[in-house]
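Shown next, in structure tokens, is the structure this report addresses.
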Amino acid sequence: TPFFPPEALDFAYFQFDTHHFHFHIVAPRKTKKGDFKYFRVKGKTHTITVNSDLCSYDFLLVYLHEVAHYLVYKHYNMARVKSHGEEWKHFFRLLIENLTDQVDLPEDIKTAYLRHSKKIMSSTVLDRELELTLDKYRSKPTNVLYLHDLKIGDVFICRNKIFRVDYFARTRARCT
């Protein structure tokens, strides 16, 4: 309960109650916010995990991202379906649209979710506008610096390594 936004609890629980999967809240991981594991072995239950260190609106979105993977598995049995292909985008978009229709979310979150649903990416961190909106709800250290705040030639430290920004290419940066 404390991980989801209070206003979205019923919506989140409905997904859990109507589908058959295990749900685990796990220690933070560096490379991913959530995960869906499916099992073809009879008797094994599909599992969704979400990192425990996310703000509630990020947690909710990651949860729905993984539920969309589950729905793709149930409908297509993962046969010849890309993990973040059109089928997954369809289910994720439906979940976001149902959420924003049924739940009274803060206006900036609702707008960011709907904007994200129009051009879904495999990871929310690739959506700069969504990340900036979620930043308002995150408790983050004051020494956080974002790549989009840097200029070519700037030097920064990441994971105890020193980097210099060489150039930017749309949503990414080339660093040495």
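Quick note: the coordinates plus some simple rules give every number you see, no bench work behind them. Computed from a predicted model, the values in this text were never measured in an experiment. Reconstructed Cβ throughout: ideal geometry from the backbone, glycine too, with neighbour counts over all protein chains shown.
THR31 versus GLU7, label points 7 Å from Cα toward the beta carbon: distance in nm?
Result: 3.6 nm between the two label points.
Quick check on the stretch 1-124: of the DSSP beta bridges with both residues there, what percent are antiparallel, nearest 5%?
45 percent
Given points 7 Å out from each Cα along the Cα-Cβ axis, report the ASP104 to PHE168 separation in nanometres with one decimal.
3.9 nm
Considering only ALA169, TYR113, LEU99, whose Cα is most displaced toward the positive end of the charge dipole of the stretch 49-176, charges sitting on Cβ of Lys, Arg (+1) and Asp, Glu (-1)?
In the stretch 49-176, that residue is ALA169.
Could you compute the longest span of the chain free of chymotrypsin sites (Phe, Trp or Tyr not before Pro) located in DSSP loops and having at most 14 other Cβ atoms within 10 Å, not counting the site residues?
Free of exposed loop sites, the longest segment is 40-145.
Report relative contact order for the stretch 72-176 in percent, whole number only (criteria: Cα-Cα under 8 Å, sequence separation at least 6).
For the stretch 72-176, the relative contact order is 14 percent.
So which helices of the chain fit the span-like rule, where a helix is a whole DSSP H run, its Cα atoms reach 20 Å or more along the axis, and its mean Kyte-Doolittle is at least -0.5?
In the chain, the long hydrophobic H runs are 56-76.
Please identify every one of the trypsin sites (Lys or Arg not before Pro) in the stretch 52-85 that sits in a loop by DSSP and has no more than 10 other beta carbons within 10 Å of its own beta carbon.
ARG80
Picking from ARG159, ARG138, ARG29, which is most flexible by a Gaussian network model of the chain using Cα springs under 10 Å?
The residue that fluctuates most here is ARG159.
Which shape class, rounded, prolate or oblate, goes with the stretch 112-176 when its Cα gyration tensor gives a ≥ b ≥ c as root eigenvalues, a/c under 1.5 marks rounded, and past that a/b bigger than b/c marks prolate?
Taking the square roots of the gyration eigenvalues as a ≥ b ≥ c, the stretch 112-176 is oblate.
Only one of the listed values, (i) 12.6; (ii) 10.2; (iii) 11.8, was derived from the coordinates as mean projected area of the Cα convex hull in nm²; which label is it?
(iii)
Give me the number: length gained by fully extending THR176 to ASP17, i.e. 0.36 nm times residue separation minus the C-alpha to C-alpha distance, one decimal in nm.
That pair, THR176 and ASP17, stretches by 52.4 nm at full extension.
So what is log10(I(q)/I(0)) for the stretch 1-49 at q = 0.13, 0.16, 0.17, 0.18 1/Å, when the Debye sum runs over its Cα atoms only?
-0.38, -0.57, -0.63, -0.70
Kindly identify the stretch 39-88 as rounded, prolate or oblate by the Cα gyration tensor criterion: order the square roots of the eigenvalues as a ≥ b ≥ c, call it rounded if a/c is under 1.5, otherwise compare a/b with b/c, prolate if a/b is larger, else oblate.
Judged from the Cα gyration tensor, the stretch 39-88 comes out oblate (a/c at least 1.5, b/c at or above a/b).
I want to verify a result. In a Gaussian network model of the chain, Cα cutoff 10 Å, which of these has the top mean-square fluctuation: THR49, THR133, THR18?
Ranking THR49, THR133, THR18 by mean-square fluctuation puts THR18 first.
If you put +1 on each Lys and Arg Cβ and -1 on each Asp and Glu Cβ, how big is the dipole of the stretch 84-154 around its Cα centre, in Debye rounded to 20?
140 debye
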